[in-house]
1. Just to be sure I understand, how many residues within the range 140-191 are in contact with a Lys or Arg (Cβ under 8 Å, 6 or more places away or on another chain), of a type outside the set (D, E, K, R) and crowded, with 17+ Cβ neighbours inside 10 Å?
2. When the range 349-363 is examined, which residues are found to be buried (at least 19 other Cβ atoms within 10 Å of the Cβ), under 19 Å from ILE272 (Cα atoms) and either touching a residue at least 60 places away in the same chain (Cβ under 8 Å) or of a type in the set (A, V, I, L, M) (or both)?
3. Test LEU260 against the criterion of being outside any loop (DSSP other than H, G, I, E, B), under 25 Å from the mean Cα position of the chain (by Cα), modelled with pLDDT of 95 or more and not acidic (Asp, Glu), and give yes or no.
4. Could you give me the residue pairs with C-beta distances under 6 Å whose first residue belongs to the range 293-315 and is assigned by TED's automatic domain parsing to the domain that holds ALA245 and more than 13 Å from GLN243 (Cα to Cα), whose second residue is at pLDDT 95 or above and assigned to a helix (DSSP H, G or I) wherever it lies, and which are 6+ apart or on separate chains?
5. For ALA173, are the conditions met, namely being in a helix (DSSP H, G or I) and in contact with a Ser or Thr (Cβ under 8 Å, 6 or more places away or on another chain)?
6. Return yes or no: is ILE333 part of a strand (DSSP E or B), in contact (Cβ under 8 Å) with a residue 24 or more places away in the chain and in the same structural domain as ARG240 (by TED's automatic domain parsing)?
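The values are calculated or read from the model by the stated rules, or taken from the named source; none is laboratory data. Everything numeric in this text was worked out from a predicted model, so none of it was measured. All Cβ positions, glycine included, derive from the backbone under ideal geometry; neighbour counts span all protein chains shown.
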Amino acid sequence: MTKTAMVLAFVYGIERKGLDIRLPRLSFDARHTNRSIHHIEETFGSTTKENAMCSQRLKGLARVRKRPATGKTIYYCYAWRGGPLLRNDSGPIQPDDPALPAAHQEAHERRRNPNSTTMGGLITAYRASADFKLKAALTRREYDRYLDDLRSEFGNLSIGDLEAKETRVRFKAWRDAMSDRPRTADYAWSTLSRVLSFGKDRGILSVNIAERGGRLYRGNRRDKIWNSADINAFLAVAPRSLQLAMQLAIWTGQRKADLLKLKWSQCTIDVIRLRQGKTGARVAIPIAKQLRAELDLEPHVAETVLTTTRFKRPWTSDGFDTAWKLACKNAGIEDLTFHDLRGTAVTRLALAGCTAAEIGALTGHAMRDVDLILDAHYLGGRPELARRAIEKLEAV
């Protein structure tokens, strides 16, 4: 086999195994190229060669590689970065699937010539609008999941269909099919309502038939706070990287997304300054002595404060969630999430005697919302507050 054939065989072998490896542009001797390709076709089959190269020729195609628990690598191919997921009845279309070029071309055709008289066209218009583009990147990614599902399920519905009461019944049936995942079902319905609301605001629809859809998820985090025993159990088994994440959450009351992005440059000797991604609120958080001690122990190996345990790189949201759940399992902690630490921080501040204004200044909540949050969601500390009230009464 010539050197040219060996290189090409290596490339095709990579694609055949589903590996996502980028090689530098190579130049081949034209005299040997045809013979080399012919040899590869005999070795791997011409269909494999064509399918392996198929996704490379599609302009703008964005691929995301994931390896689920089954161990089999799966690709999620998007028509363009931030565009719709290319899928069929079997699920996400894989890079070596002959159906990929047609699906890619169809998606780009819809983008160039959106049919504003259908649900699919309305979704395209919404994605191109400031309403969508000004949302946080994480919110857009969450919306994209359900927008793709809506296009796949209802993309051909006409404007007349979208205004008909009978269609609401179809929408309800679609949502209820996800009733085993009530929070997912509620998010899907919320996304649908947002698209139809956009159409109504733009004069495309006369009514939003997804308004007041109700909620399937009835749970709350009323008693879901981390007590001292939970915190100590977690810190006893968690790796150093997750211990620091917990300390930051407890002492700052910030959301996971903001803490994962927190940079050392935002941390001075005594203050952490950040802008919250969800609300845009700017907060300046005095650094408690215990948190300062934890930060001083952490080496500055990356731009971000929090890094992965093994490779010391910034966390991805999914990677952090996986590591956090594993640490909770090892600590024997059930039904508590990282987000519950935000409520825990609010409760701890209330138990320490902080006012609503003081709590809001630290966590970034609007002052008028702090009491509502404590009353509606984070009441795990109410018995302690009641006990202190009796102690104060007895002291009079």
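1. 6
2. The initial filter retains those residues of the range 349-363 that are buried (at least 19 other Cβ atoms within 10 Å of the Cβ), namely 349-350, 356, 359-360, 362-363.
Then drop every residue that is not under 19 Å from ILE272 (Cα atoms), which leaves 349, 359-360, 362-363.
Within the range 349-363, LEU349, ILE359, LEU362, THR363 meet the criteria.
3. Values: outside any loop (DSSP other than H, G, I, E, B): yes; under 25 Å from the mean Cα position of the chain (by Cα): yes; modelled with pLDDT of 95 or more: yes; not acidic (Asp, Glu): yes.
Against the criterion (outside any loop (DSSP other than H, G, I, E, B), under 25 Å from the mean Cα position of the chain (by Cα), modelled with pLDDT of 95 or more and not acidic (Asp, Glu)), LEU260 qualifies.
4. HIS300/TRP264; TRP315/LEU260
5. Values: in a helix (DSSP H, G or I): yes; in contact with a Ser or Thr (Cβ under 8 Å, 6 or more places away or on another chain): no.
It is false that ALA173 is in a helix (DSSP H, G or I) and in contact with a Ser or Thr (Cβ under 8 Å, 6 or more places away or on another chain).
6. Numbers: part of a strand (DSSP E or B): no; in contact (Cβ under 8 Å) with a residue 24 or more places away in the chain: yes; in the same structural domain as ARG240 (by TED's automatic domain parsing): yes.
No, not satisfied.
Okay, residues lined up against (1) at pLDDT below 95; (2) in contact with a Gly (Cβ under 6 Å, 6 or more places away or on another chain); (3) among the charged types (D, E, K, R); (4) outside any strand (DSSP E or B):
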| position | (1), (2), (3), (4) |
| --- | --- |
| LYS312 | yes, no, yes, yes |
| ASP318 | yes, no, yes, yes |
| TRP324 | no, no, no, yes |
| CYS328 | no, no, no, yes |
| PHE338 | no, no, no, yes |
| LEU341 | yes, no, no, yes |
| THR344 | yes, no, no, yes |
